[in-house]
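A.B. asks: Sharing a structure, written as structure tokens. Questions coming.
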Amino acid sequence: MSDIFSLDGKLALVTGSNTGIGQAIAISLAAAGAEVICANRSNADETIKIITKAGGKASSLQLDLSDPMKAAAIVENIEELNILVNNAGIIRRADAVDFTEADWDEVMDVNLKAMFFICQAFGRNIFKRGATGSIINIASMLSFQGGIRVASYTASKSGVPGLTKLLANEWAAKGINTNAIAPGYIATNNTKALQADPVRNKAILDRIPAERWGEPSDIGGAAVFLASKAAQYINGATLNVDGGWLAR
Ligand code: NAP
């Protein structure tokens with residue numbers, strides 16, 4: 001019987017895979033059989049070492065999403081790509097009354113503009129080759145909730161499920177299935193400040209039915225599923241992987 005979760009023979013590109021959630025996604029996709037391009041602005045040696053040590057295949061690609069159109073042009077020309085994971089993301093914190101244009105633009109460029117134009121590049125790449133593919137965009141709890149002091153992050157992540165649905169509408173019949181994953185509170189560099197704040201940490205844990213922070217590897221399995229044949233009739237969905245946070 002064929003394994004509907006296998007990614008054997010697939011080439012995946014994961015942005016921001018040198019650390020955190022992106023690293024865990026890259027490792028999980030490789031464990032399911034995909035060859036992974038770790039697309040980063042920082043060195044991805046650690047991720048590549050973990051994957052190759054486990055018998056998988058991975059390579060590194062320099063990709064800085066602060067210049068979204070330059071990054072997209074690079075992705076458009078990669079041959080044989082099948083899976084795209086738009087994971088890289090940044091956050092800036094300031095009260096709404098003090099929020100700066102720089103903090104708005106930097107976050108929107110990486111989290112939303114680069115995400116969309118890299119999807120566009122991936123779509124052009126797939127259609128040019130007459131191939132099929134899967135896109136997974138990383139959303140957030142702030143795709144559904146307002147958050148506090150993170151205006152550009154909330155704006156960018158609120159846009160992710162919308163663009164994911166738009167792309168599904170345009171591309172589902174053309175062989176690309178586009179979905180998103182909304183991670184809950186995951187223990188990474190991104191959330192170090194929250195984990196270290198005893199008041200915020202307790203408030204967060206009190207609301208999570210699973211009673212723990214998520215691990216980056218909790219997101220990896222969801223990514224494998226959405227990239228696999230098992231998810232071929234799932235289009236435009238945002239899968240919450242949050243220990244039940246949004247169920248509260
Ligand atoms: P992280 O540990 O801070 O990693 C962020 C990744 O994005 C890093 O690889 C980083 O590269 C990369 N990145 C940032 N700016 C970039 C740029 N200009 N060009 C290329 N890469 C860039 O964060 P994480 O927690 O793993 O988050 C990964 C994704 O999940 C993000 O989209 C985040 O919003 C989302 N998310 C996280 C949580 C959570 O609880 N952790 C919850 C919901 C959603 P560098 O190492 O070079 O900075």
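The values are calculated or read from the model by the stated rules, or taken from the named source; none is laboratory data. Treat the numbers as computed from the prediction; the structure is a model and nothing was measured. Cβ sites come from the backbone with ideal geometry, for glycine too, and all protein chains shown count toward neighbours. Heads up: the accessible areas ignore ligands, DNA and RNA and are worked out on the full protein's heavy atoms, side chains in. Shrake-Rupley method; radii C 1.70, N 1.55, O 1.52, S 1.80 Å.
A.B. asks: So, for the chain, what is the accessible surface per residue at a probe of 1.4 Å, expressed in square angstrom? Please report the intermediate quantities before stating the final value.
C.D. replies: Working: 11780 Å² over 248 residues.
Ligands and nucleic acids excluded, the figure is 47 Å² per residue.
A.B. asks: So how do 2-14, 200-212 stack up, highest first, on mean other-Cβ count within 10 Å?
C.D. replies: Working: 2-14: 17.9, 200-212: 13.0.
Averaged packing, sorted descending, gives the order 2-14, 200-212.
A.B. asks: Then there's this: Which of Gly184, Gly147, Gly20 moves most in a GNM of the chain, Cα contacts under 10 Å?
C.D. replies: Among Gly184, Gly147, Gly20, the largest GNM mean-square fluctuation belongs to Gly147.
A.B. asks: Under the rule of -39500 (n - 2.57) per DSSP H run of 4 or more residues, summed and divided by the residues of the chain, what mean residue ellipticity at 222 nm is obtained, to the nearest 500 deg cm²/dmol? Don't skip to the end; give the middle numbers.
C.D. replies: Numbers: 9 runs with 102 residues, N = 248.
After summing the helix terms and dividing by residue count, I get -12500 deg cm²/dmol.
A.B. asks: Counting only protein heavy atoms and a 1.4 Å probe, tell me what percentage of the chain's accessible area is made up of carbon and sulfur. Each step should come with its number before you reach the end.
C.D. replies: Details: 6180 of 11780 Å².
That fraction is 52 percent.
A.B. asks: Quantify how much of the Cα-Cα distance distribution of segment 46-102 extends past 17 Å, in percent.
C.D. replies: On the way: 959 of 1596 pairs.
Considering segment 46-102, 60 percent of its Cα-Cα pairs are separated by more than 17 Å.
A.B. asks: In Å and from the alpha-carbon atoms only, list the Rg and Dmax of the chain.
C.D. replies: Gyration radius and largest Cα-Cα distance of the chain: 17.3, 59 Å.
A.B. asks: When the C-alpha atoms of segment 144-248 are aligned to their principal axes, what extent does each axis show, in angstrom, from largest down?
C.D. replies: 49, 28, 25
A.B. asks: What is the distance in Å between the Cα centroid of segment 154-180 and that of segment 44-111?
C.D. replies: With segment 154-180 and segment 44-111 each reduced to a Cα centre, they are spaced 18 Å.
A.B. asks: Here's another thing I want to ask about it. How big is the C-alpha Rg of segment 2-60 next to the rule-of-thumb value 2.2 N^0.38 Å, as a ratio?
C.D. replies: Values: Rg = 10.5 Å, N = 59, 2.2 N^0.38 = 10.4 Å.
In units of the globular-protein estimate, segment 2-60 measures up at 1.01.
A.B. asks: Which translational diffusion coefficient, to the nearest whole µm²/s, is obtained for segment 81-183 from the Stokes-Einstein equation, given a Kirkwood hydrodynamic radius over C-alpha pairs, 20 °C and 1.002 mPa s? Present the calculation step by step, with values, prior to reporting the outcome.
C.D. replies: On the way: Rh = 14.1 Å.
Diffusion coefficient, whole number: 152 µm²/s.
A.B. asks: Once amide H atoms are built 1.01 Å from N in the peptide plane, which residues 5 or more positions from Gly133, or in another chain, come under 5 Å H to H?
C.D. replies: Counting only residues 5 or more places away or on other chains, the set is Ile176, Asn177.
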